[in-house]
C-alpha cells in the first residue's frame, strides 16, 4: 500500500468488518490483546516471508526487514483490523509486537 492510499483510508475512515486481507487475516474488529498479538505476529511473518514460529514478539519488527513503507502499510492494515485510528508512526513509537499490543490494548 502506498502512503497516498494510506492517507485516503484515513480520510475515508475505512474500517471494513468481515473483509479478508492477505492470507486469510480477518479485519473484523479485535477486542483483546491476544487478538491483536495474533494478528500482528501473522502479518509481520507474512511481510517478512517467514513462518510465524520464527517471530519473536520482543524483537523490533525492523529486525525482520520491514522498511518504512511496510511499517506504514502495517499501521494502515492494523487500523482496518481494529476498526479505529492507528497512528502511522506506531511501528516507530512501539518497535516490537509486544510494545504495539501494550499500546493498543491500553484503556481497552
task: Would you check which residues across the stretch 66-99 are in contact with a strand residue (DSSP E or B) (Cβ under 8 Å, 6 or more places away or on another chain) and farther than 16 Å from residue 41 by Cβ and list them?
output: 80
field: Subset of the stretch 81-108 [surrounded by fewer than 19 Cβ atoms within 10 Å (Cβ to Cβ) and part of a helix (DSSP H, G or I)]
entry: 92, 93, 98, 99, 102, 103, 105
query: Which residue, of 52, 61, is surrounded by fewer than 16 Cβ atoms within 10 Å (Cβ to Cβ) and in contact with a helix residue (DSSP H, G or I) (Cβ under 6 Å, 6 or more places away or on another chain)?
result: 52
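None of the figures in this text is laboratory data; all of them are computed from the coordinates on show. Here the structure is a predicted model, which is why all the values come from computation and not from measurement. Cβ sites come from the backbone with ideal geometry, for glycine too, and all protein chains shown count toward neighbours.
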